[in-house]
2 protein chains.
Amino acid sequence: MTFFQLQKTCGNSAARAGVIETGHGRIETPIFMPVGTQATVKAVSPEELEAVGARIILGNTYHLYLRPGTEVIGRFGGLHRFMHWQRPILTDSGGFQVFSLAELSKISEEGYAFQSHLDGGARHLLTPESAVQVQMALNSDIMMCLDQCIAYPAGREQAAAAADLTTRWARRCKAHWQAAAECPNALFGIVQGGMFPELRTRSVEEIAAVGFPGYAVGGLSVGEPKALMLEMAAHTLPLLPAGAPRYVMGVGTPADLIEMIALGADMFDCVMPTRNARNGQLFTAAGTLNINNARYRDDTAPIEPGCDCYTCRRYSRAYLRHLYLAREILVHRLATIHNLHFYLRLVKEARVAILEGDFPRFRKAFYAQLETGAGGA
Amino acid sequence: MTFFQLQKTCGNSAARAGVIETGHGRIETPIFMPVGTQATVKAVSPEELEAVGARIILGNTYHLYLRPGTEVIGRFGGLHRFMHWQRPILTDSGGFQVFSLAELSKISEEGYAFQSHLDGGARHLLTPESAVQVQMALNSDIMMCLDQCIAYPAGREQAAAAADLTTRWARRCKAHWQAAAECPNALFGIVQGGMFPELRTRSVEEIAAVGFPGYAVGGLSVGEPKALMLEMAAHTLPLLPAGAPRYVMGVGTPADLIEMIALGADMFDCVMPTRNARNGQLFTAAGTLNINNARYRDDTAPIEPGCDCYTCRRYSRAYLRHLYLAREILVHRLATIHNLHFYLRLVKEARVAILEGDFPRFRKAFYAQLETGAGGA
């Protein structure tokens with residue numbers, strides 16, 4: 001079984017369509033992965049995820065390692081049965097959360113030493129080996145190497161050191177993964193290098209030399225200006241092996257996805273559609289709308305006329321606004337369903353355009369519709 | 001179309017089985033009505049309510065009148081289309097919430113003058129006529145008369161005055177309802193009288209003399225001892241017209257339902273299954289369990305082995321406990337589905353036992369199973 005098959009490159013752009021095969025089914029790319037941090041994509045059920053077209057979701061190793069712990073999830077043979085999700089799962093390495101959430105985290109050649117953000121007391125050590133080990137216990141279909149994340153802005157020296165450490169850790173991750181007898185799951189390498197093109201180039205060369213079934217571009221969407229993010233992606237993505245999937249971590253807005261796809265990226269994850277849904281911000285082709293806006297008080301129209309998601313087929317803006325103002329949790333679910341449906345429809349339509357060989361026209365139409373601003377509020 | 005048909009009285013007890021016909025479908029009794037205060041039964045969708053066997057839900061007039069307001073709901077032709085619920089709806093009159101939630105409420109012969117608990121500023125007047133008028137705008141299938149609720153304990157004089165006012169208001173409610181051209185919906189009278197049997201008797205006589213399609217026993221489950229509640233119900237229920245449905249408001253625990261059914265009650269509503277679900281308390285035939293208990297840490301069993309609700313068919317106690325501790329809102333939904341399924345299965349099984357002419361045996365089996373305490377935690 002080939003892990004990744006590149007089906008088509010657009011022709012008029014670097015946009016690609018492909019297929020990833022996993023033990024829990026196939027994933028057509030480009031794909032967006034809803035974020036399910038704590039063994040649940042917030043506010044929605046597995047059946048609702050399937051209904052909006054989710055083919056793969058992301059789990060956060062750091063959170064799951066601390067709670068409920070791999071021992072509990074191990075009792076279920078992994079994350080799939082624990083959370084009743086049958087399709088593929090990608091897990092991150094935990095490194096980013098240690099960096100951003102844990103207390104008193106200290107990095108060394110060995111790994112991250114940290115205290116849990118939950119109890120504040122227990123000390124933990126996250127090494128390249130344990131990061132892979134935990135992800136194996138979760139039985140995620142796609143595991144990520146432990147890498148070193150750096151804040152933006154960072155100097156050249158710091159970025160170089162982090163990229164170098166990431167390379168050494170990538171070798172240890174791969175060795176640990178290969179030592180496991182017949183692990184059916186994939187391990188992706190992560191490219192770092194900050195906002196320095198030459199460091200990005202070197203990181204790609206080193207990580208590709210280690211060799212993985214797939215590659216991620218890390219360290220983007222960490223606070224840098226949008227133009228810089230796109231510049232780094234435009235520099236890095238073409239350097240990655242064409243025969244492996246390319247995952248841009250933590251990205252992004254609908255327009256970010258369109259731009260990254262145009263640059264040849266295949267996979268994305270972001271909390272934006274789910275988190276913004278819970279804050280009442282809804283995505284439409286004509287822009288976002290905030291459901292608490294008074295203009296929707298007695299609006300009998302759905303969020304996005306023509307949308308065939310569960311929410312738009314049944315509920316009005318007036319009802320959603322009422323639930324939002326009344327703090328009724330059903331609105332979190334209904335808004336999340338719509339936003340995820342929007343994101344997943346977007347990548348699906350992008351894929352169709354790529355297969356038809358005309359992604360640039362699709363991209364143009366996307367911006368033309370966005371500029372009508374009909375959804376703006 | 002007959003509004004209510006009494007199909008069977010148990011024979012060995014006063015327990016009854018019947019059918020209520022409404023413009024939104026039929027309801028087999030005895031029935032439990034999930035509470036949907038703000039145009040949503042908290043945490044669950046209409047489809048999930050149907051799946052757990054809900055045939056009718058309750059809406060709170062006070063809340064809906066204040067937010068989103070009858071003007072907004074009127075744009076949808078009523079509550080059914082606003083919240084996408086196709087089956088029957090019963091609404092209360094709003095009186096109890098004015099009494100318990102509103103600020104500076106003042107009662108007079110005319111009605112309740114109050115300030116909204118939401119904005120605190122706007123003054124409102126809830127009269128017998130406006131209570132019916134608002135419920136007509138909501139298009140609820142079963143409307144309730146405005147009554148005067150009293151706190152427990154209350155003296156005889158106060159209870160008598162409240163019951164008398166309730167009777168005078170019942171006449172005004174009925175007159176307003178009858179004046180409406182061809183209102184397809186039913187209006188229920190409410191019996192008051194505090195904890196005084198002779199006042200209860202007088203209230204039943206007066207309310208029955210006004211004449212309604214159905215009758216409710218109000219003023220129970222307001223803080224009185226359980227034995228007193230049952231004593232009052234045992235006194236009042238047999239006095240009510242046998243040919244009309246009997247609704248005991250705000251009751252109760254599973255055992256309360258069994259006792260009230262044995263006394264001849266047909267309809268119930270209570271926030272207990274939904275509210276307790278959100279606090280992690282789950283109902284089983286062997287008693288309640290608290291899902292946050294450490295004993296469920298790696299328990300792969302469902303909440304209640306053998307239960308065929310959505311939650312028990314898919315999820316383990318360990319997963320539910322994890323979601324609960326992680327404050328993931330999916331657990332509110334999963335727990336609510338189970339608890340409502342439990343309540344609705346209970347009344348369904350009670351109905352079967354009544355139709356088979358042996359409710360006392362069912363009641364005995366209910367307590368025998370409860371006493372095994374297998375679910376206790």
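Among the residues in the range A:284-296, are any outside the structural domain of residue A:216 (by TED's automatic domain parsing) and in contact with a Pro (Cβ under 8 Å, 6 or more places away or on another chain)? No, the range A:284-296 has no match at all. Using the structure shown, decide if residue A:349 is surrounded by fewer than 18 Cβ atoms within 10 Å (Cβ to Cβ), modelled with pLDDT under 95 and part of a helix (DSSP H, G or I). Considered against the rule, which asks whether it is surrounded by fewer than 18 Cβ atoms within 10 Å (Cβ to Cβ), modelled with pLDDT under 95 and part of a helix (DSSP H, G or I), residue A:349 comes out as no. Filter the range B:57-71 down to residues that are touching an Asp or Glu at 6+ places or on another chain (Cβ under 9 Å) and aliphatic (A, V, I, L, M) and give me whichever is nearest to residue B:249 (Cα to Cα). Out of the qualifying residues, it is B:58. Do the conditions hold for residue A:139, that is, is it within 13 Å of another protein chain (Cβ to nearest Cβ) and closer than 21 Å to residue A:212 by Cβ? Judged against the criteria, residue A:139 is not a match. With respect to the conditions (1) charged (D, E, K, R); (2) in a loop (DSSP other than H, G, I, E, B); (3) within 14 Å of chain B (Cβ to nearest Cβ), residue A:81 falls short on a single one, namely (2). Just one residue in the set B:234, B:255 is of a type in the set (A, V, I, L, M, F, W, C), outside the structural domain of residue B:152 (by TED's automatic domain parsing) and surrounded by fewer than 17 Cβ atoms within 10 Å (Cβ to Cβ); that residue is B:255.
Of all residues in the range A:207-231, those being closer than 18 Å to residue A:148 by Cβ and part of a loop (DSSP other than H, G, I, E, B) number 8. Looking at the structure I just gave you, is residue B:200 surrounded by fewer than 22 Cβ atoms within 10 Å (Cβ to Cβ), of a type in the set (D, E, K, R) and not in a loop (DSSP other than H, G, I, E, B)? So residue B:200 fails the test.
For (1) in contact (Cβ under 8 Å) with a residue 60 or more places away in the chain; (2) within 11 Å of chain A (Cβ to nearest Cβ); (3) over 21 Å from residue B:311 (Cα atoms), each residue gets a yes or a no:
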site	(1), (2), (3)
B:32	yes, no, no
B:41	yes, yes, no
B:53	yes, no, no
B:57	no, no, no
B:64	yes, yes, yes
B:68	no, yes, yes
B:75	no, yes, yes
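The set of residues in the range B:114-128 being touching a helix residue (DSSP H, G or I) at 6+ places or on another chain (Cβ under 9 Å) and surrounded by 12 or more Cβ atoms within 10 Å (Cβ to Cβ) consists of B:114, B:116, B:117, B:118, B:124, B:126, B:127, B:128.
Restricting attention to the range A:84-95, the residues that are within 14 Å of another protein chain (Cβ to nearest Cβ) and in contact with a helix residue (DSSP H, G or I) (Cβ under 6 Å, 6 or more places away or on another chain) total 2. For the range A:291-305, give me each residue that is free of Cβ contacts under 8 Å to residues at least 40 places away in the same chain and within 13 Å of another protein chain (Cβ to nearest Cβ). Hits for the range A:291-305 are A:292, A:294, A:297, A:298, A:299, A:300, A:301, A:302. The strands (runs of 3 or more DSSP E) found entirely in the range B:233-341 include none that carry 2 or more residues being within 29 Å of residue B:163 (Cβ to Cβ) and of a type in the set (A, V, I, L, M). Considering every residue within the range A:45-56, establish whether at least one is in contact with an Asp or Glu (Cβ under 7 Å, 6 or more places away or on another chain) and of a type in the set (S, T, N, Q). No; the residues of the range A:45-56 include none that is in contact with an Asp or Glu (Cβ under 7 Å, 6 or more places away or on another chain) and of a type in the set (S, T, N, Q).
Rundown of residues vs (1) aromatic (Phe, Trp, Tyr); (2) part of a helix (DSSP H, G or I), yes/no style:
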{"residue": "A:137", "(1), (2)": "no, yes"}
{"residue": "A:152", "(1), (2)": "yes, no"}
{"residue": "A:163", "(1), (2)": "no, yes"}
{"residue": "A:167", "(1), (2)": "no, yes"}
{"residue": "A:174", "(1), (2)": "no, yes"}
{"residue": "A:178", "(1), (2)": "no, yes"}
{"residue": "A:182", "(1), (2)": "no, no"}
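Here residue B:23 clears all of (1) closer than 30 Å to residue B:124 by Cβ; (2) surrounded by fewer than 21 Cβ atoms within 10 Å (Cβ to Cβ); (3) within 14 Å of chain A (Cβ to nearest Cβ) except the condition numbered (3).
The set of residues from the range A:260-279 being more than 14 Å from the chain's Cα centre (by Cα) and surrounded by fewer than 19 Cβ atoms within 10 Å (Cβ to Cβ) comprises just one member, A:279.
From the residues in the range B:50-61 that are more than 15 Å from the chain's Cα centre (by Cα) and part of a helix (DSSP H, G or I), which one is nearest to residue B:22 (Cα to Cα)? By that ranking, first place goes to B:50.
Being over 10 Å from residue A:338 (Cβ atoms) and more than 7 Å from chain B (Cβ to nearest Cβ) is the filter here, so list the residues in the range A:317-328 that pass it. Across the range A:317-328, the qualifying residues are A:317, A:321, A:324, A:327.
The values are calculated or read from the model by the stated rules, or taken from the named source; none is laboratory data. Remember, predicted model here, so these are calculated numbers, not experimental data. Methodologically, a virtual Cβ is constructed for each residue, glycine included, from the backbone with ideal geometry; neighbour enumeration extends over all protein chains shown.
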